[in-house]
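Throughout, read-outs are computed from the coordinates displayed, never taken from laboratory work. All of these numbers come straight from a predicted model, not from anything done at the bench. So basically every Cβ, Gly included, is an ideal-geometry build from the backbone, and we count neighbours across all protein chains shown.
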Amino acid sequence: MHSGDALLDLSPVMPVVVVDDAADAVPVARALLDGGIGVIELTLRTPAALGAIERVAAEVPEIVIGAGTVTTAEQAKQAAAAGARFLVTPGCTDRLLDAAFDTGLPFLPGAGTVSEAMRLAERGLTALKFFPAEPSGGVAFLKAIAGPLPGLRFCPTGGITPESAPRYLALSTVGCVGGSWLTPGDALAAKDFSRITALAREASALA
């Protein structure tokens, strides 16, 4: 129930989205869908985030809406109540991990070291977020740990670009990458949703 393995197969790129206005969430979700992306990680970095998740869950049910940047047990509960269908954390404490399990939702827990990945694997989690990917060693790191940790798959996030994404996606241990470039801040500010669709279309072609 809690495994995030299926999440890694929804799209080659999982959009990591920050919205300042909850009203933007639905058109962003529809723009991503129009570009062939069927999943969205809406981060809990702004006061608008929970309301945005509620709107997408209610109005665009065909997209798989998740809550990202979940850092506290309370946020995990709030995101589940808002209608999130999965959770993503940048790292994991024991309390946060327990809270994520308690929601019953699939989730991608964040790991940036071998020990963190092993600890999560001990809890039965085999699909992890590798964060922050580029500062933590990037493609070379994932290649190095594939031998000792062959049962783990990752969604690397953090500093990944359209140019570097294919190098990650070429690894057998990578199911998808997280990318913020699909919903740039200037496009959101200008409500240029057609640009988001174009970027989503390019990202979906990375498969």
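If the condition is being basic (Lys, Arg) and out of contact with any helix residue (DSSP H, G or I) (no Cβ under 9 Å at 6 or more places or on another chain), then segment 120-145 contributes 129, 143. What do you reckon, is residue 60 more than 16 Å from the chain's Cα centre (by Cα) and surrounded by fewer than 22 Cβ atoms within 10 Å (Cβ to Cβ)? Spelling it out, residue 60 is indeed more than 16 Å from the chain's Cα centre (by Cα) and surrounded by fewer than 22 Cβ atoms within 10 Å (Cβ to Cβ).
Residue 70 - would you say it is under 28 Å from residue 165 (Cα atoms) and surrounded by fewer than 23 Cβ atoms within 10 Å (Cβ to Cβ)? Considered against the rule, which asks whether it is under 28 Å from residue 165 (Cα atoms) and surrounded by fewer than 23 Cβ atoms within 10 Å (Cβ to Cβ), residue 70 comes out as no.
Against the condition in contact with a Phe, Trp or Tyr (Cβ under 7 Å, 6 or more places away or on another chain) and over 22 Å from residue 74 (Cα atoms), how does residue 132 come out, does it pass? Judged against the criteria, residue 132 is not a match. Those helices (runs of 4 or more DSSP H) of segment 48-124 in which 2 or more residues are touching a residue at least 60 places away in the same chain (Cβ under 8 Å) occupy 94-103. Is it the case that some residue within segment 35-43 is assigned to a helix (DSSP H, G or I) and surrounded by fewer than 19 Cβ atoms within 10 Å (Cβ to Cβ)? No - not one qualifying residue is present in segment 35-43.
Take segment 1-34 and flag every residue that is part of a loop (DSSP other than H, G, I, E, B), buried (at least 21 other Cβ atoms within 10 Å of the Cβ) and over 12 Å from the mean Cα position of the chain (by Cα).
Looking only at segment 1-34, we keep the residues that are part of a loop (DSSP other than H, G, I, E, B), and these are 1-4, 10-12, 18-21.
Applying the additional criterion that residues be buried (at least 21 other Cβ atoms within 10 Å of the Cβ) yields 4, 11-12, 19.
If the condition is that a residue be part of a loop (DSSP other than H, G, I, E, B), buried (at least 21 other Cβ atoms within 10 Å of the Cβ) and over 12 Å from the mean Cα position of the chain (by Cα), then 19 is the only one that fits.
Just one of (1) of a type in the set (Gly, Ala, Ser); (2) out of contact with any strand residue (DSSP E or B) (no Cβ under 6 Å at 6 or more places or on another chain); (3) within 17 Å of residue 5 (Cα to Cα) fails for residue 175. It is (2). Just one of (1) more than 18 Å from the chain's Cα centre (by Cα); (2) more than 21 Å from residue 178 (Cβ to Cβ) fails for residue 143. It is (2).
Among residues belonging to segment 152-200 that are part of a strand (DSSP E or B) and aliphatic (A, V, I, L, M), point out the one that is farthest from residue 39 (Cα to Cα). So, considering only residues that are part of a strand (DSSP E or B) and aliphatic (A, V, I, L, M), the one farthest from residue 39 (Cα to Cα) is 174.
How about segment 18-66: which of its residues are among the hydroxyl-bearing types (Ser, Thr, Tyr) and closer than 25 Å to residue 3 by Cα? Walk me through it before giving the result.
Narrowing segment 18-66 to residues among the hydroxyl-bearing types (Ser, Thr, Tyr): 43, 46.
Once the filter is applied, which keeps residues that are among the hydroxyl-bearing types (Ser, Thr, Tyr) and closer than 25 Å to residue 3 by Cα, segment 18-66 yields only 43.
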